[in-house]
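Participant: Below is a structure I'd like to ask you about.
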Amino acid sequence: MKRTTILAAIAVTGTAAAALAHSGATGIVKERMEAMKAMGNAVKTVTPMMQGEAEYDADVMRDAARTFQEHSGEALTELFPEGSDGAPSEAKDVIWSDWERFEELARLLDVYGEGLEGAAGNGMAGGGNMGAGSMMGGSSGMGSGSMMGSGSMMGSGSGMMGDDASDMMSAEDIAEMPADAAFNMTTQVCSACHSRFRAEDD
C-alpha cells in the first residue's frame with residue numbers, strides 16, 4: 001500500500017540518520033541528522049495508528065505535528081548552509097542548485113504540520129472519531145477516489161504541490177480534514193523532499 005510505503009521510508013530515514021549521527025557526524029550535519037531523526041521518530045509513533053494497529057490518540061498526533069513544525073521552515077533550511085555536503089551528510093548537491101524548491105518544501109512542511117495539529121482532533125476518516133461517510137469517503141487519504149484525486153499531489157501541476165504556490169492548501173484548510181488525511185499529506189512533503197534532495201543509501 002502506497003501510504004504504508006511512504007511511512008516506512010520516512011521512519012527508516014530517521015533510523016539511518018541516527019546511525020550516521022553516531023558515526024562521525026559533527027556540527028551542522030549532526031544537528032540536521034538529529035532533526036531528521038526527531039521527525040522520523042514522530043512518524044514511527046503515529047504509524048501504528050495509521051495502520052489500524054493502535055487506537056487513535058489525538059494528543060500523540062498533535063505531538064507529531066508539533067515536531068514537524070519545530071524542524072521545518074527556516075529551522076530546517078538554516079541547517080543546510082552551502083558547503084555542508086560530503087560524507088557523512090546524505091544531502092545531494094541539488095539542494096543548493098535548486099534552493100527555491102528545497103525552501104518551498106521546508107515551508108510547506110511547516111504549513112502542513114500546523115494544519116495537522118489542527119486536524120488532530122477530527123479523528124480518522126476510516127474509523128476513529130469520524131466513522132464511515134466522512135469527507136474522505138471512508139477510505140484513506142492516499143487511496144484512489146480520495147479527495148486528492150488519482151494523481152500524486154507532489155507532481156508538477158497537481159495543485160497541492162504543483163508549480164503554482166497559489167494552489168497550495170492553507171493550514172486552516174488542512175485543519176478541517178480528517179487527521180489521517182492531514183498526516184498523509186504532511187508525510188508526502190517529507191517523501192518529496194527525500195526523493196529529490198537525499199542521497200540513497202548504498
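The values are calculated or read from the model by the stated rules, or taken from the named source; none is laboratory data. What you see is a predicted model, and the numbers here were worked out from it, not measured in a lab. Glycine gets a Cβ as well: all are built from the backbone with ideal geometry, and neighbour counts include every protein chain shown.
Participant: Where residues in segment 58-88 are among the hydroxyl-bearing types (Ser, Thr, Tyr) and part of a loop (DSSP other than H, G, I, E, B), which of them is surrounded by the fewest Cβ atoms within 10 Å (Cβ to Cβ)?
Facilitator: 84
Participant: Follow-up. Going by what's in this entry, would residue 78 be described as charged (D, E, K, R) and more than 20 Å from residue 171 (Cα to Cα)?
Facilitator: Working: charged (D, E, K, R): yes; more than 20 Å from residue 171 (Cα to Cα): yes.
When the stated conditions are applied, residue 78 passes them.
Participant: Right, next: In segment 4-46, which residue that is at pLDDT 85 or above, over 19 Å from residue 188 (Cβ atoms) and among the hydrophobic types (A, V, I, L, M, F, W, C) is nearest to the chain's Cα centre (by Cα)? So that I can check it myself, show each step before the final result.
Facilitator: Initially, segment 4-46 is screened for residues at pLDDT 85 or above, giving 25-46.
With over 19 Å from residue 188 (Cβ atoms) added as a condition, the list becomes 25-34, 37.
Imposing the further condition that a residue be among the hydrophobic types (A, V, I, L, M, F, W, C) reduces the set to 25, 28-29, 33.
Numbers: 25: 24, 28: 21, 29: 20, 33: 15 Å.
Ranking the qualifying residues of segment 4-46, first place goes to 33.
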